[in-house]
Amino acid sequence: MNDIEKQQNKGFFGWIERVGNKLPNPVVLFIILAAIVVVISGIAGAADLSVEYFDAAEGENTTVEAVSLLSAEGLNHIFNSAVDNFTGFAPLGTVLVAMLGVGVAEWTGLIAATLKRLLSNVPAFLLSAAVVFAGILSNIASDVGYIVIIPLGALIFAGAGRHPLAGLAAAFAGVSGGYSANLLVGPVDAIVVEIANAALSSAGINYEMSITANWYFMIVSTVLLTIVGALVTDKFVEPRLGEYKGDYRPDFESLSKDELRGLRNALIVLIVYVIIMGFLMFPQGALFRGYDEAIGAESINDFLATGLLLAIFLLFVLPGLAYGITVGKIKNSSDFVQGMTEAMSSMGNYIVLAFFAAQLIDYFEYTNLGTILAVSGADLLESIHLTGLPLIIGFIIVAGFINLFIGSASAKWAILAPIFTPMLYNLNIAPEMTLIAYRIADSSTNVISPLLNYFPMILIFAQRYDKKAGIGTLVSTMLAYSIAFLISWTILLIIWFLFNLPLGPGASLTL
(Lines give C-alpha, C1' and ligand atoms only; values in the text may rest on other atoms or scores of the structure.)
Protein backbone atom coordinates (compact mmCIF):
# COMPACT_ATOMS: atom_id res chain seq x y z
CA MET A 1 0.00 0.00 0.00
CA ASN A 2 1.51 3.37 -1.06
CA ASP A 3 1.44 6.61 0.95
CA ILE A 4 -1.64 7.97 -0.84
CA GLU A 5 -3.65 4.81 -0.20
CA LYS A 6 -2.58 4.87 3.45
CA GLN A 7 -3.76 8.47 3.71
CA GLN A 8 -7.09 7.60 2.10
CA ASN A 9 -7.67 4.81 4.62
CA LYS A 10 -7.11 7.03 7.64
CA GLY A 11 -9.75 8.57 9.86
CA PHE A 12 -13.51 8.47 9.86
CA PHE A 13 -13.90 8.98 6.10
CA GLY A 14 -11.42 6.21 5.42
CA TRP A 15 -13.41 3.91 7.71
CA ILE A 16 -16.64 4.80 5.88
CA GLU A 17 -15.00 3.98 2.55
CA ARG A 18 -13.51 0.68 3.77
CA VAL A 19 -16.77 -0.50 5.30
CA GLY A 20 -18.82 0.64 2.32
CA ASN A 21 -16.53 -1.00 -0.22
CA LYS A 22 -16.56 -4.29 1.69
CA LEU A 23 -20.26 -4.49 1.01
CA PRO A 24 -21.31 -6.73 -1.89
CA ASN A 25 -21.55 -5.50 -5.47
CA PRO A 26 -24.15 -2.67 -5.58
CA VAL A 27 -26.56 -4.88 -7.53
CA VAL A 28 -26.35 -7.60 -4.87
CA LEU A 29 -26.58 -4.95 -2.15
CA PHE A 30 -29.88 -3.65 -3.57
CA ILE A 31 -31.16 -7.23 -3.66
CA ILE A 32 -30.20 -7.70 0.01
CA LEU A 33 -31.78 -4.38 1.02
CA ALA A 34 -34.95 -5.30 -0.86
CA ALA A 35 -35.07 -8.62 0.99
CA ILE A 36 -34.62 -6.79 4.31
CA VAL A 37 -37.51 -4.47 3.47
CA VAL A 38 -39.66 -7.51 2.65
CA VAL A 39 -38.87 -9.09 6.04
CA ILE A 40 -39.36 -5.85 8.00
CA SER A 41 -42.66 -5.23 6.21
CA GLY A 42 -43.81 -8.69 7.27
CA ILE A 43 -42.93 -7.99 10.90
CA ALA A 44 -44.49 -4.50 10.81
CA GLY A 45 -47.62 -5.83 9.13
CA ALA A 46 -48.02 -8.61 11.67
CA ALA A 47 -47.63 -6.05 14.48
CA ASP A 48 -50.30 -3.80 12.88
CA LEU A 49 -47.85 -0.89 12.87
CA SER A 50 -49.55 2.34 11.79
CA VAL A 51 -49.34 6.14 12.06
CA GLU A 52 -51.87 8.94 11.65
CA TYR A 53 -51.20 12.32 10.04
CA PHE A 54 -53.13 15.12 8.39
CA ASP A 55 -53.37 14.70 4.61
CA ALA A 56 -53.52 18.18 3.09
CA ALA A 57 -54.68 16.90 -0.30
CA GLU A 58 -57.68 15.11 1.24
CA GLY A 59 -58.29 17.68 3.96
CA GLU A 60 -58.60 15.05 6.70
CA ASN A 61 -56.60 12.83 9.02
CA THR A 62 -55.22 9.74 7.34
CA THR A 63 -54.11 6.51 8.95
CA VAL A 64 -51.26 4.74 7.20
CA GLU A 65 -50.65 1.10 8.04
CA ALA A 66 -47.59 -1.00 7.29
CA VAL A 67 -48.26 -3.28 4.31
CA SER A 68 -46.63 -6.70 4.37
CA LEU A 69 -44.87 -8.03 1.29
CA LEU A 70 -44.99 -11.51 2.82
CA SER A 71 -48.77 -11.68 2.46
CA ALA A 72 -50.60 -13.06 -0.57
CA GLU A 73 -51.24 -9.53 -1.84
CA GLY A 74 -47.64 -8.53 -1.18
CA LEU A 75 -46.15 -11.49 -3.03
CA ASN A 76 -48.49 -10.80 -5.93
CA HIS A 77 -47.28 -7.21 -5.95
CA ILE A 78 -43.62 -8.30 -6.04
CA PHE A 79 -44.15 -10.43 -9.14
CA ASN A 80 -46.79 -8.36 -10.92
CA SER A 81 -45.07 -4.98 -10.52
CA ALA A 82 -41.45 -5.92 -11.28
CA VAL A 83 -41.52 -4.95 -14.96
CA ASP A 84 -43.54 -1.78 -14.37
CA ASN A 85 -41.17 -0.77 -11.57
CA PHE A 86 -38.25 -1.10 -13.98
CA THR A 87 -39.78 0.61 -17.01
CA GLY A 88 -41.37 3.28 -14.82
CA PHE A 89 -38.14 4.01 -12.92
CA ALA A 90 -37.91 7.77 -13.52
CA PRO A 91 -34.15 8.09 -14.05
CA LEU A 92 -33.98 5.15 -16.50
CA GLY A 93 -35.57 6.78 -19.53
CA THR A 94 -34.17 10.17 -18.60
CA VAL A 95 -30.60 8.90 -18.44
CA LEU A 96 -30.78 6.74 -21.56
CA VAL A 97 -32.34 9.45 -23.75
CA ALA A 98 -29.85 12.07 -22.60
CA MET A 99 -26.94 9.67 -23.07
CA LEU A 100 -27.98 9.10 -26.70
CA GLY A 101 -27.35 12.77 -27.37
CA VAL A 102 -24.26 13.01 -25.21
CA GLY A 103 -22.95 9.85 -26.90
CA VAL A 104 -22.94 11.50 -30.32
CA ALA A 105 -21.16 14.60 -29.02
CA GLU A 106 -18.63 12.48 -27.13
CA TRP A 107 -17.99 9.97 -29.94
CA THR A 108 -17.36 12.66 -32.56
CA GLY A 109 -14.86 14.35 -30.24
CA LEU A 110 -16.91 17.52 -29.75
CA ILE A 111 -16.96 17.33 -25.95
CA ALA A 112 -13.22 16.72 -25.70
CA ALA A 113 -12.44 19.56 -28.10
CA THR A 114 -14.84 21.93 -26.34
CA LEU A 115 -13.42 21.18 -22.91
CA LYS A 116 -9.88 21.59 -24.22
CA ARG A 117 -10.82 25.00 -25.60
CA LEU A 118 -12.64 26.08 -22.45
CA LEU A 119 -9.95 24.86 -20.07
CA SER A 120 -7.39 27.04 -21.82
CA ASN A 121 -9.38 30.09 -20.69
CA VAL A 122 -10.55 29.08 -17.19
CA PRO A 123 -8.11 29.82 -14.35
CA ALA A 124 -7.21 26.63 -12.46
CA PHE A 125 -8.22 28.08 -9.10
CA LEU A 126 -11.76 28.74 -10.37
CA LEU A 127 -12.34 25.30 -11.86
CA SER A 128 -13.95 23.69 -8.79
CA ALA A 129 -16.14 26.73 -8.14
CA ALA A 130 -17.23 26.80 -11.79
CA VAL A 131 -18.28 23.14 -11.69
CA VAL A 132 -20.21 23.50 -8.40
CA PHE A 133 -21.85 26.71 -9.63
CA ALA A 134 -22.90 25.09 -12.93
CA GLY A 135 -24.41 22.21 -10.95
CA ILE A 136 -26.46 24.56 -8.79
CA LEU A 137 -27.75 26.55 -11.77
CA SER A 138 -28.73 23.34 -13.59
CA ASN A 139 -31.50 22.83 -11.03
CA ILE A 140 -33.65 25.36 -12.89
CA ALA A 141 -34.10 22.55 -15.45
CA SER A 142 -35.16 20.04 -12.79
CA ASP A 143 -33.15 16.78 -12.98
CA VAL A 144 -31.17 17.55 -16.14
CA GLY A 145 -28.07 18.39 -14.10
CA TYR A 146 -27.80 14.79 -12.90
CA ILE A 147 -27.43 13.55 -16.46
CA VAL A 148 -25.41 16.35 -18.03
CA ILE A 149 -23.41 18.27 -15.41
CA ILE A 150 -22.18 15.36 -13.26
CA PRO A 151 -20.46 13.35 -16.04
CA LEU A 152 -19.15 16.62 -17.53
CA GLY A 153 -17.68 17.57 -14.16
CA ALA A 154 -15.58 14.39 -14.23
CA LEU A 155 -14.52 15.06 -17.83
CA ILE A 156 -13.58 18.67 -17.07
CA PHE A 157 -11.33 17.66 -14.18
CA ALA A 158 -9.79 14.82 -16.19
CA GLY A 159 -9.13 17.19 -19.07
CA ALA A 160 -7.35 19.55 -16.69
CA GLY A 161 -5.14 16.72 -15.43
CA ARG A 162 -6.99 16.52 -12.12
CA HIS A 163 -8.76 13.58 -10.49
CA PRO A 164 -12.02 12.93 -12.40
CA LEU A 165 -13.80 11.63 -9.28
CA ALA A 166 -13.17 15.02 -7.63
CA GLY A 167 -14.86 16.70 -10.59
CA LEU A 168 -17.75 14.24 -10.41
CA ALA A 169 -18.11 14.89 -6.67
CA ALA A 170 -18.03 18.68 -7.11
CA ALA A 171 -20.72 18.48 -9.79
CA PHE A 172 -22.83 16.07 -7.71
CA ALA A 173 -22.56 18.42 -4.74
CA GLY A 174 -23.73 21.33 -6.88
CA VAL A 175 -26.57 19.50 -8.64
CA SER A 176 -27.99 17.57 -5.70
CA GLY A 177 -26.59 19.24 -2.60
CA GLY A 178 -27.52 22.63 -3.98
CA TYR A 179 -30.99 21.58 -5.11
CA SER A 180 -32.57 24.35 -3.04
CA ALA A 181 -30.27 27.13 -4.16
CA ASN A 182 -30.41 29.08 -7.42
CA LEU A 183 -30.43 32.57 -8.88
CA LEU A 184 -33.88 31.95 -10.36
CA VAL A 185 -37.06 30.21 -9.24
CA GLY A 186 -38.12 27.07 -11.10
CA PRO A 187 -40.44 24.06 -11.18
CA VAL A 188 -39.27 22.71 -7.81
CA ASP A 189 -40.20 25.98 -6.10
CA ALA A 190 -43.70 25.84 -7.57
CA ILE A 191 -44.21 22.25 -6.39
CA VAL A 192 -43.08 22.70 -2.77
CA VAL A 193 -44.94 26.01 -2.36
CA GLU A 194 -48.14 24.49 -3.73
CA ILE A 195 -47.88 21.59 -1.25
CA ALA A 196 -47.29 23.97 1.67
CA ASN A 197 -50.21 26.22 0.69
CA ALA A 198 -52.50 23.18 0.47
CA ALA A 199 -51.36 22.12 3.96
CA LEU A 200 -52.10 25.57 5.38
CA SER A 201 -55.51 25.78 3.71
CA SER A 202 -56.51 22.33 4.93
CA ALA A 203 -55.59 23.31 8.47
CA GLY A 204 -57.92 26.30 8.25
CA ILE A 205 -55.06 28.82 8.07
CA ASN A 206 -55.67 31.77 5.74
CA TYR A 207 -52.10 32.23 4.53
CA GLU A 208 -50.64 31.75 1.07
CA MET A 209 -46.99 31.75 0.01
CA SER A 210 -45.80 32.86 -3.42
CA ILE A 211 -43.40 30.93 -5.62
CA THR A 212 -40.69 33.46 -4.68
CA ALA A 213 -41.06 32.64 -0.96
CA ASN A 214 -37.37 31.73 -0.52
CA TRP A 215 -35.83 33.59 -3.48
CA TYR A 216 -33.52 36.02 -1.59
CA PHE A 217 -32.19 33.24 0.62
CA MET A 218 -31.68 30.97 -2.41
CA ILE A 219 -29.57 33.61 -4.19
CA VAL A 220 -27.25 34.04 -1.20
CA SER A 221 -27.20 30.24 -0.76
CA THR A 222 -25.94 29.89 -4.34
CA VAL A 223 -22.89 32.00 -3.50
CA LEU A 224 -22.36 30.24 -0.16
CA LEU A 225 -22.58 26.69 -1.54
CA THR A 226 -20.36 27.53 -4.51
CA ILE A 227 -17.63 28.72 -2.15
CA VAL A 228 -18.08 25.89 0.37
CA GLY A 229 -18.29 23.25 -2.38
CA ALA A 230 -15.13 24.53 -4.05
CA LEU A 231 -13.22 24.61 -0.75
CA VAL A 232 -14.30 21.07 0.15
CA THR A 233 -13.24 19.86 -3.31
CA ASP A 234 -9.83 21.56 -3.33
CA LYS A 235 -8.87 21.25 0.34
CA PHE A 236 -10.31 17.87 1.29
CA VAL A 237 -11.79 15.67 -1.44
CA GLU A 238 -9.09 15.91 -4.09
CA PRO A 239 -6.13 15.64 -1.67
CA ARG A 240 -7.79 12.60 -0.10
CA LEU A 241 -8.34 10.96 -3.48
CA GLY A 242 -4.67 11.50 -4.31
CA GLU A 243 -3.09 11.16 -7.73
CA TYR A 244 -5.33 9.65 -10.38
CA LYS A 245 -3.96 6.34 -11.65
CA GLY A 246 -6.92 5.11 -13.70
CA ASP A 247 -7.07 4.34 -17.39
CA TYR A 248 -8.42 7.67 -18.63
CA ARG A 249 -5.74 9.96 -20.00
CA PRO A 250 -6.50 13.47 -21.27
CA ASP A 251 -5.22 14.63 -24.65
CA PHE A 252 -3.08 17.74 -24.19
CA GLU A 253 -2.29 18.25 -27.89
CA SER A 254 -3.36 21.52 -29.49
CA LEU A 255 -6.51 21.54 -31.59
CA SER A 256 -6.01 21.03 -35.31
CA LYS A 257 -7.41 23.37 -37.98
CA ASP A 258 -10.18 20.86 -38.76
CA GLU A 259 -11.08 20.64 -35.06
CA LEU A 260 -11.18 24.42 -34.72
CA ARG A 261 -13.36 24.63 -37.83
CA GLY A 262 -15.56 21.87 -36.37
CA LEU A 263 -15.95 23.82 -33.13
CA ARG A 264 -16.93 26.92 -35.13
CA ASN A 265 -19.58 25.02 -37.08
CA ALA A 266 -20.87 23.32 -33.92
CA LEU A 267 -21.13 26.73 -32.23
CA ILE A 268 -23.09 28.15 -35.17
CA VAL A 269 -25.53 25.22 -35.04
CA LEU A 270 -25.81 25.59 -31.27
CA ILE A 271 -26.58 29.32 -31.48
CA VAL A 272 -29.24 28.79 -34.17
CA TYR A 273 -30.80 25.98 -32.12
CA VAL A 274 -30.83 28.04 -28.91
CA ILE A 275 -32.45 30.99 -30.72
CA ILE A 276 -35.17 28.74 -32.13
CA MET A 277 -35.80 27.17 -28.72
CA GLY A 278 -35.88 30.63 -27.16
CA PHE A 279 -38.70 31.68 -29.50
CA LEU A 280 -40.57 28.49 -28.62
CA MET A 281 -40.15 28.95 -24.86
CA PHE A 282 -40.03 32.56 -23.72
CA PRO A 283 -42.30 35.01 -25.61
CA GLN A 284 -45.85 35.44 -24.35
CA GLY A 285 -48.02 32.78 -25.95
CA ALA A 286 -45.01 30.74 -27.12
CA LEU A 287 -45.60 27.14 -28.17
CA PHE A 288 -43.98 25.60 -25.09
CA ARG A 289 -45.67 27.89 -22.58
CA GLY A 290 -48.79 26.81 -20.74
CA TYR A 291 -50.99 28.06 -17.94
CA ASP A 292 -49.51 27.26 -14.53
CA GLU A 293 -52.15 27.14 -11.80
CA ALA A 294 -49.49 27.41 -9.07
CA ILE A 295 -48.54 30.93 -10.14
CA GLY A 296 -51.76 31.85 -11.96
CA ALA A 297 -50.00 32.80 -15.18
CA GLU A 298 -48.28 31.46 -18.27
CA SER A 299 -45.14 29.47 -17.52
CA ILE A 300 -42.64 27.08 -19.07
CA ASN A 301 -42.45 25.02 -15.87
CA ASP A 302 -44.29 22.05 -17.42
CA PHE A 303 -41.91 22.07 -20.36
CA LEU A 304 -38.89 22.29 -18.04
CA ALA A 305 -40.18 19.33 -16.04
CA THR A 306 -41.11 17.03 -18.93
CA GLY A 307 -40.23 18.33 -22.38
CA LEU A 308 -36.74 19.64 -21.75
CA LEU A 309 -35.16 16.19 -21.99
CA LEU A 310 -35.70 15.94 -25.76
CA ALA A 311 -34.39 19.50 -26.07
CA ILE A 312 -31.23 18.45 -24.22
CA PHE A 313 -30.90 15.44 -26.55
CA LEU A 314 -30.97 17.75 -29.58
CA LEU A 315 -28.67 20.22 -27.84
CA PHE A 316 -25.92 17.60 -27.98
CA VAL A 317 -26.86 15.77 -31.17
CA LEU A 318 -27.07 18.72 -33.57
CA PRO A 319 -23.71 20.36 -32.70
CA GLY A 320 -22.22 16.84 -32.48
CA LEU A 321 -23.34 16.15 -36.04
CA ALA A 322 -21.94 19.47 -37.26
CA TYR A 323 -18.60 18.79 -35.60
CA GLY A 324 -18.43 15.16 -36.69
CA ILE A 325 -19.18 15.97 -40.34
CA THR A 326 -16.60 18.78 -40.37
CA VAL A 327 -13.74 16.69 -38.95
CA GLY A 328 -14.69 13.63 -41.03
CA LYS A 329 -15.78 11.49 -38.10
CA ILE A 330 -19.30 11.16 -39.51
CA LYS A 331 -19.34 10.18 -43.19
CA ASN A 332 -22.68 8.38 -43.37
CA SER A 333 -25.75 7.43 -41.34
CA SER A 334 -24.01 4.36 -39.89
CA ASP A 335 -21.37 6.58 -38.28
CA PHE A 336 -24.10 8.70 -36.68
CA VAL A 337 -25.81 5.64 -35.22
CA GLN A 338 -22.48 4.21 -34.02
CA GLY A 339 -22.01 7.17 -31.69
CA MET A 340 -25.32 6.47 -29.96
CA THR A 341 -24.68 2.71 -29.95
CA GLU A 342 -21.35 3.10 -28.17
CA ALA A 343 -22.98 5.37 -25.60
CA MET A 344 -25.61 2.72 -24.87
CA SER A 345 -23.03 -0.07 -24.68
CA SER A 346 -21.43 1.71 -21.74
CA MET A 347 -24.76 1.86 -19.88
CA GLY A 348 -25.20 -1.91 -19.45
CA ASN A 349 -24.14 -1.86 -15.79
CA TYR A 350 -26.50 0.99 -15.08
CA ILE A 351 -29.48 -0.79 -16.67
CA VAL A 352 -28.85 -3.89 -14.53
CA LEU A 353 -28.44 -1.77 -11.39
CA ALA A 354 -31.55 0.28 -12.22
CA PHE A 355 -33.73 -2.84 -12.32
CA PHE A 356 -32.96 -3.81 -8.73
CA ALA A 357 -32.85 -0.22 -7.44
CA ALA A 358 -36.34 0.29 -8.87
CA GLN A 359 -37.63 -2.75 -6.97
CA LEU A 360 -36.16 -1.56 -3.66
CA ILE A 361 -37.62 1.94 -4.01
CA ASP A 362 -41.02 0.49 -4.95
CA TYR A 363 -41.01 -1.91 -1.98
CA PHE A 364 -40.22 0.95 0.40
CA GLU A 365 -43.13 2.96 -1.01
CA TYR A 366 -45.61 0.05 -1.20
CA THR A 367 -45.02 -1.04 2.39
CA ASN A 368 -45.49 2.54 3.72
CA LEU A 369 -42.33 2.14 5.79
CA GLY A 370 -40.98 5.47 4.55
CA THR A 371 -44.17 7.31 5.49
CA ILE A 372 -44.26 5.64 8.91
CA LEU A 373 -40.64 6.64 9.53
CA ALA A 374 -41.32 10.25 8.47
CA VAL A 375 -44.44 10.67 10.61
CA SER A 376 -42.78 8.98 13.60
CA GLY A 377 -39.82 11.35 13.32
CA ALA A 378 -42.18 14.31 13.17
CA ASP A 379 -44.09 13.08 16.21
CA LEU A 380 -40.82 12.67 18.12
CA LEU A 381 -39.77 16.23 17.34
CA GLU A 382 -43.18 17.60 18.31
CA SER A 383 -43.08 15.75 21.63
CA ILE A 384 -39.85 17.50 22.66
CA HIS A 385 -41.73 20.84 22.82
CA LEU A 386 -38.99 23.01 21.38
CA THR A 387 -39.74 26.57 20.20
CA GLY A 388 -38.11 29.23 18.04
CA LEU A 389 -34.67 28.67 16.58
CA PRO A 390 -33.98 25.39 18.46
CA LEU A 391 -37.16 23.96 16.91
CA ILE A 392 -36.01 24.99 13.41
CA ILE A 393 -32.61 23.36 13.94
CA GLY A 394 -34.26 20.22 15.33
CA PHE A 395 -36.54 20.13 12.29
CA ILE A 396 -33.54 20.36 9.95
CA ILE A 397 -31.84 17.43 11.70
CA VAL A 398 -34.95 15.22 11.64
CA ALA A 399 -35.82 16.03 8.02
CA GLY A 400 -32.21 15.43 6.96
CA PHE A 401 -32.27 11.98 8.55
CA ILE A 402 -35.65 11.09 7.02
CA ASN A 403 -34.26 12.15 3.63
CA LEU A 404 -31.90 9.17 3.69
CA PHE A 405 -34.91 6.86 3.38
CA ILE A 406 -37.29 8.77 1.07
CA GLY A 407 -35.63 9.95 -2.13
CA SER A 408 -38.39 12.18 -3.54
CA ALA A 409 -38.32 15.72 -2.13
CA SER A 410 -41.94 16.40 -3.04
CA ALA A 411 -43.23 13.09 -1.61
CA LYS A 412 -41.41 13.72 1.64
CA TRP A 413 -42.65 17.31 1.85
CA ALA A 414 -46.21 16.13 1.16
CA ILE A 415 -45.94 14.10 4.38
CA LEU A 416 -44.09 16.64 6.52
CA ALA A 417 -45.75 19.88 5.36
CA PRO A 418 -49.22 19.13 6.84
CA ILE A 419 -47.54 18.34 10.17
CA PHE A 420 -44.89 21.04 10.51
CA THR A 421 -46.24 24.00 8.53
CA PRO A 422 -49.36 24.50 10.72
CA MET A 423 -47.49 23.48 13.88
CA LEU A 424 -44.74 26.06 13.39
CA TYR A 425 -47.28 28.63 12.20
CA ASN A 426 -49.04 28.34 15.57
CA LEU A 427 -45.66 28.96 17.19
CA ASN A 428 -45.28 32.23 15.21
CA ILE A 429 -42.82 30.80 12.68
CA ALA A 430 -43.71 31.84 9.13
CA PRO A 431 -44.36 29.05 6.58
CA GLU A 432 -41.56 30.47 4.40
CA MET A 433 -39.13 29.75 7.25
CA THR A 434 -40.44 26.21 7.67
CA LEU A 435 -40.10 25.60 3.94
CA ILE A 436 -36.49 26.76 3.65
CA ALA A 437 -35.51 24.78 6.75
CA TYR A 438 -36.93 21.65 5.11
CA ARG A 439 -35.16 22.40 1.83
CA ILE A 440 -31.81 22.82 3.58
CA ALA A 441 -32.22 19.43 5.25
CA ASP A 442 -33.42 17.71 2.09
CA SER A 443 -30.65 19.04 -0.14
CA SER A 444 -27.78 18.55 2.31
CA THR A 445 -28.23 14.79 2.72
CA ASN A 446 -29.27 13.98 -0.87
CA VAL A 447 -25.68 13.21 -1.82
CA ILE A 448 -25.23 10.41 0.73
CA SER A 449 -28.56 8.62 0.27
CA PRO A 450 -28.38 5.37 -1.73
CA LEU A 451 -32.18 5.67 -2.13
CA LEU A 452 -31.75 8.84 -4.21
CA ASN A 453 -33.08 7.86 -7.64
CA TYR A 454 -29.92 8.95 -9.43
CA PHE A 455 -27.45 7.44 -6.96
CA PRO A 456 -26.99 4.20 -8.97
CA MET A 457 -26.31 6.19 -12.14
CA ILE A 458 -23.68 8.35 -10.43
CA LEU A 459 -21.98 5.24 -9.07
CA ILE A 460 -21.73 3.87 -12.62
CA PHE A 461 -20.24 7.18 -13.81
CA ALA A 462 -17.65 6.93 -11.02
CA GLN A 463 -16.73 3.39 -12.06
CA ARG A 464 -15.89 4.65 -15.54
CA TYR A 465 -12.81 6.27 -14.03
CA ASP A 466 -12.17 3.93 -11.11
CA LYS A 467 -13.35 0.36 -11.60
CA LYS A 468 -12.84 -0.30 -7.88
CA ALA A 469 -15.16 2.51 -6.81
CA GLY A 470 -18.05 1.25 -4.72
CA ILE A 471 -20.81 2.68 -2.58
CA GLY A 472 -18.26 3.28 0.17
CA THR A 473 -16.11 5.37 -2.17
CA LEU A 474 -19.02 7.53 -3.26
CA VAL A 475 -20.59 7.97 0.19
CA SER A 476 -17.27 8.74 1.92
CA THR A 477 -16.41 11.26 -0.79
CA MET A 478 -19.79 13.00 -0.66
CA LEU A 479 -20.09 12.92 3.14
CA ALA A 480 -17.70 15.86 3.40
CA TYR A 481 -19.98 17.97 1.20
CA SER A 482 -23.07 16.84 3.11
CA ILE A 483 -21.61 17.86 6.49
CA ALA A 484 -20.15 21.13 5.16
CA PHE A 485 -23.38 22.12 3.41
CA LEU A 486 -25.58 21.22 6.38
CA ILE A 487 -23.46 23.17 8.87
CA SER A 488 -22.75 26.26 6.73
CA TRP A 489 -26.31 26.45 5.41
CA THR A 490 -27.79 26.13 8.91
CA ILE A 491 -25.45 28.85 10.16
CA LEU A 492 -26.61 31.08 7.30
CA LEU A 493 -30.23 30.46 8.30
CA ILE A 494 -29.43 31.26 11.95
CA ILE A 495 -27.83 34.57 10.88
CA TRP A 496 -30.84 35.29 8.66
CA PHE A 497 -33.14 34.57 11.62
CA LEU A 498 -31.19 36.70 14.11
CA PHE A 499 -31.17 39.70 11.77
CA ASN A 500 -34.80 39.04 10.74
CA LEU A 501 -34.04 39.34 7.03
CA PRO A 502 -36.76 38.61 4.44
CA LEU A 503 -36.45 35.17 2.79
CA GLY A 504 -38.07 36.48 -0.38
CA PRO A 505 -40.22 39.38 -1.62
CA GLY A 506 -42.60 40.05 1.26
CA ALA A 507 -41.61 36.80 2.99
CA SER A 508 -40.77 37.23 6.68
CA LEU A 509 -39.33 34.65 9.07
CA THR A 510 -41.83 35.07 11.89
CA LEU A 511 -45.48 36.11 12.07
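Given Lys22/Lys467; Lys257/Lys329; Lys116/Lys468; Lys116/Lys245, which pairs have Cα atoms separated by over 18 Å? Those over the limit are Lys116/Lys468; Lys116/Lys245.
Once the Cα atoms are used to define both axes, helix 215-232 deviates from the longest principal axis of the chain by about 60 degrees.
Excluding Ile471 itself, calculate the net charge of residues whose Cβ lies under 15 Å from the Cβ of Ile471, where each Lys or Arg counts +1 and each Asp or Glu counts -1.
Overall, the nearby charge balance is +2.
Building the convex hull from the alpha-carbon atoms of the stretch 382-511 and averaging its projection over directions returns 8.7 nm².
Excluding ligands, DNA and RNA, what is the solvent-accessible area per residue of the chain at a probe of 1.4 Å, expressed in Å²? It amounts to 44 Å² per residue over the chain.
Once you divide the Cα radius of gyration of the stretch 304-421 by 2.2 N^0.38 Å, the number left is 1.72. To test your reading of the geometry: what angle, between 0 and 90 degrees and rounded to tens, separates the Cα axis of helix 455-465 from the longest principal axis of the chain? Taking Cα atoms only, the helix is inclined about 30 degrees. Sorting 172-178, 153-159 by average packing, meaning the other beta carbons within 10 Å per residue, from highest down gives 172-178, 153-159. Overall, the ratio between the Cα radius of gyration of the chain and 2.2 N^0.38 Å, rounded to two decimals, is 1.00. Amide H contacts of Asp292: Ala297, Glu298, Ser299, each under 5 Å away and 5 or more positions distant or on a separate chain (H built 1.01 Å from N in the peptide plane; Pro and chain starts excluded).
Helix 187-202 and the long axis of the chain differ in direction by around 10°, with both axes built from C-alpha atoms. Over the stretch 399-465, the reciprocal of the mean inverse Cα-Cα separation, the Kirkwood hydrodynamic radius, stands at 13.0 Å.
The stretch 183-228 and the stretch 85-103 have their alpha-carbon centroids 29 Å apart. Within the stretch 262-355, the proportion of C-alpha pairs whose separation exceeds 21 Å stands at 52%.
With all protein chains in place and a 1.4 Å probe, the accessible surface of the stretch 291-445 carries 63 percent carbon and sulfur. Accessible area of His385 (1.4 Å probe, protein heavy atoms only, ligands and nucleic acids ignored): about 150 Å².
The values are calculated or read from the model by the stated rules, or taken from the named source; none is laboratory data. Everything numeric here is computed off the predicted structure, so don't read it as measured data. Glycine gets a Cβ as well: all are built from the backbone with ideal geometry, and neighbour counts include every protein chain shown. With ligands, DNA and RNA removed, areas are computed over all heavy atoms of the protein, side chains included. Shrake-Rupley method; radii C 1.70, N 1.55, O 1.52, S 1.80 Å.
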